[in-house]
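J.: Have a look at this one before I ask anything.
The values are calculated or read from the model by the stated rules, or taken from the named source; none is laboratory data. Remember, it's a predicted structure, so these values are computed and weren't measured experimentally. No Cβ is skipped: glycine too gets one built from the backbone with ideal geometry, and neighbour counts run over all protein chains shown. Each accessible area value is taken on the protein alone, full model and side chains, heavy atoms only, with ligands, DNA and RNA left out. Shrake-Rupley method; radii C 1.70, N 1.55, O 1.52, S 1.80 Å.
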Amino acid sequence: MPEQMINAGIKPKTGVLLVNLGTPDAPTPAALRRYLAQFLSDPRVVEAPRWLWRLALYGFILRTRPRRSAHAYQSIWTPQGSPLLVNSERQLQAIAAALRQQHGGSVVCVLGMRYGNPSLPAALRTLQDAGIERLLVLPLYPQYSGTTTGSTFDALSAELQRWRRVPALQFVDGYHDFEPYIEAMAAQLRRHFAEHGRVQKLLLSFHGIPAEYAAKGDPYPEQCRETARLLARALKLGEADWQLVFQSRFGPREWLQPYADRTLRSLPQQGVKRVAVFCPGFAVDCLETLEEMAVMNRKLFLEAGGEGFDYVPALNAEAEHIAALTALIEQRLQGWG
C-alpha cells in the first residue's frame, strides 16, 4: 500500500508554544545580573548604537541595578518561586488540559520564556523531540509591540533556522480586541467591584514603551487604547469613570503618556480619592504589577492624599482567561483544517 494512503488518516502532531517575557531564577543580585544582561542586550528592547549601549549596560547598569531589582523581587517572591513563572505554569497546565480534552495526544503544549528559564530554545527542543509537524506560537502579549512580540519572533526564527525540517508555522501577533479576552477582563473587574465596591475612577495601566518607538510605527499605543475602550464599553463605564495610563518607564527618554505614577499623584488634588488599578496588558501578575503598581504606586497615591487604592489582580489562570486563550488557540488550529 502506498505510504501516502497509510498516513492519510493520521493527524500531524501539533505543538502549541506559550511564550511570556521571563523572570530571574532567584531574587538575588547574581541571578538578576544574568537576567538583566540578556533582557537589556536585546536590540528590540533598547534601540541604541550597540557599542554605546554595551558601555552603559556593562559599565554602569549591571553594576548597580541588579541589587535594587533583587530587593524588589524579594518582596514578591513566593515559596513556589517567581509569581510570573508560577502563574504561567498554572496557565500552561490548564490550557494543556483543555487541549487534551479536545484533541487527545495530537497537540503538545509547552511554555517558554523570552529571557530566563524555561528558555525558548529549550521549549522548542521539547517540541522537536515530540516530532511536531505544525507549530502554533502564542506570545502572551495581547497588544503587539516590537519590544515583546517582535522580539519573540526574532528569537523563534533564530532557533528554527537550526532545524532540519521547519514545521508549518502560525504566529499569533496579538489579540488586543479578541472578544473572549475582553470579556474575561470584564468578568474579573465585575467580581472585584461586587466584593469591594465601586471606586471613583478605574485606571487601566499598560506597560510603556519609548515614544519614539511608536513614532516609528509600533502599533502598541493604538492597540492599548482600543483594548481600554472595549473594556470600558463592556463595563458600561462613562468617560469620567476610567483613564488609560502607562507604567514602567526606564531611562531619561520620553515614554508613552500619561505616566501612571504622575497621574496617581495628581488625582487626589482633583478630588479623586479612591481608585482601582487593573493592568490589561499583563497576562499574569509579575514584578511590574505586584511591586511597582500594587505597592510603589499605591504608596504614591496615598501619600498624595488618596484614601483608597485597589489593585485588581491580573487574569492569571482564572477560568474565563483560560477559556479565552484556549478559544484563541482553537480558532487558529481550525485554520489548518
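J.: Taking the range 105-128 on its own, how many of its residues are of a type in the set (Gly, Ala, Ser), under 16 Å from ILE95 (Cα atoms) and assigned to a strand (DSSP E or B)?
T.: 1
J.: Filter the range 1-40 for residues that are among the basic types (Lys, Arg) and either under 17 Å from PRO139 (Cβ atoms) or modelled with pLDDT of 95 or more (or both) and give the result.
T.: Correct list: ARG33, ARG34.
J.: Which condition from (1) open to solvent by 10 Å² or more (accessible area, probe 1.4 Å); (2) in a helix (DSSP H, G or I); (3) over 17 Å from ILE329 (Cβ atoms) is the one that TRP163 breaks?
T.: So the condition that TRP163 fails would be (2).
J.: If you check ALA317, ALA240, ALA323, ALA294, which single one turns out to be open to solvent by 20 Å² or more (accessible area, probe 1.4 Å), of a type outside the set (D, E, K, R) and touching a Pro at 6+ places or on another chain (Cβ under 7 Å)?
T.: After applying the criteria, what remains is ALA323.
J.: Between LEU62, LEU40, LEU32, LEU57, which is surrounded by 15 or more Cβ atoms within 10 Å (Cβ to Cβ) and touching a residue at least 40 places away in the same chain (Cβ under 8 Å)?
T.: Working: LEU62 fails: touching a residue at least 40 places away in the same chain (Cβ under 8 Å); LEU40 fails: touching a residue at least 40 places away in the same chain (Cβ under 8 Å); LEU57 fails: touching a residue at least 40 places away in the same chain (Cβ under 8 Å).
Going through LEU62, LEU40, LEU32, LEU57 in turn, the sole match is LEU32.
J.: Of all residues in the range 65-80, which are touching a residue at least 12 places away in the same chain (Cβ under 8 Å) and either β-branched (Val, Ile, Thr) or open to solvent by less than 40 Å² (accessible area, probe 1.4 Å) (or both)?
T.: Residues satisfying the conditions are PRO66, SER69, ALA70, ALA72, TYR73, ILE76.
J.: Taking interchain pairs and intrachain pairs at least six residues apart, which have beta carbon atoms under 9 angstrom, with the first residue in the range 284-298 and assigned to a loop (DSSP other than H, G, I, E, B) and the second open to solvent by 20 Å² or more (accessible area, probe 1.4 Å) and among the charged types (D, E, K, R)?
T.: VAL284/ARG90
J.: Return only the number of the condition from (1) outside any loop (DSSP other than H, G, I, E, B); (2) more than 15 Å from the chain's Cα centre (by Cα); (3) buried (at least 19 other Cβ atoms within 10 Å of the Cβ); (4) not small (Gly, Ala, Ser) that LEU302 does not satisfy.
T.: Failing condition for LEU302: (3).
J.: How do the pairs read when you match residues in the range 231-255 that are free of Cβ contacts under 8 Å to residues at least 40 places away in the same chain with residues anywhere that are of a type outside the set (A, V, I, L, M), using Cβ under 6 Å and keeping only pairs 6 or more apart or on different chains?
T.: Filtered contacts from the range 231-255: ALA232/TRP242.
J.: Further, regarding this structure: Test PRO83 against the stated conditions and say whether it is surrounded by fewer than 21 Cβ atoms within 10 Å (Cβ to Cβ), within 20 Å of ARG34 (Cβ to Cβ) and touching a residue at least 12 places away in the same chain (Cβ under 8 Å).
T.: no
J.: Of all residues in the range 253-271, how many are open to solvent by less than 20 Å² (accessible area, probe 1.4 Å) and part of a loop (DSSP other than H, G, I, E, B)?
T.: Counting residues in the range 253-271 that are open to solvent by less than 20 Å² (accessible area, probe 1.4 Å) and part of a loop (DSSP other than H, G, I, E, B) gives 1.
J.: Continuing with the same structure: If we scan the range 198-214, do we find a residue that is open to solvent by 50 Å² or more (accessible area, probe 1.4 Å), in a loop (DSSP other than H, G, I, E, B) and in contact with a Leu (Cβ under 9 Å, 6 or more places away or on another chain)?
T.: yes
J.: Residue by residue through the range 175-185, note down the ones that are farther than 10 Å from THR227 by Cβ and either open to solvent by 20 Å² or more (accessible area, probe 1.4 Å) or in a loop (DSSP other than H, G, I, E, B) (or both).
T.: Correct list: GLU179, PRO180, GLU183.
J.: List the number of the failed condition for PHE309; all other conditions in (1) within 30 Å of ILE95 (Cα to Cα); (2) crowded, with 21+ Cβ neighbours inside 10 Å hold.
T.: (1)
J.: Filter the range 91-107 for residues that are open to solvent by 40 Å² or more (accessible area, probe 1.4 Å) and either of a type in the set (A, V, I, L, M) or within 12 Å of VAL16 (Cβ to Cβ) (or both) and give the result.
T.: Looking only at the range 91-107, we keep the residues that are open to solvent by 40 Å² or more (accessible area, probe 1.4 Å), and these are 93, 97, 100-103, 105.
Listed by number, the residues that qualify are ALA97, ARG100, GLN102, HIS103.
J.: Can you spot a residue in the range 275-291 that is open to solvent by 70 Å² or more (accessible area, probe 1.4 Å) and out of contact with any Cys (no Cβ under 7 Å at 6 or more places or on another chain)?
T.: Of the range 275-291, the ones open to solvent by 70 Å² or more (accessible area, probe 1.4 Å) are none.
No, because not a single residue in the range 275-291 is open to solvent by 70 Å² or more (accessible area, probe 1.4 Å) and out of contact with any Cys (no Cβ under 7 Å at 6 or more places or on another chain).
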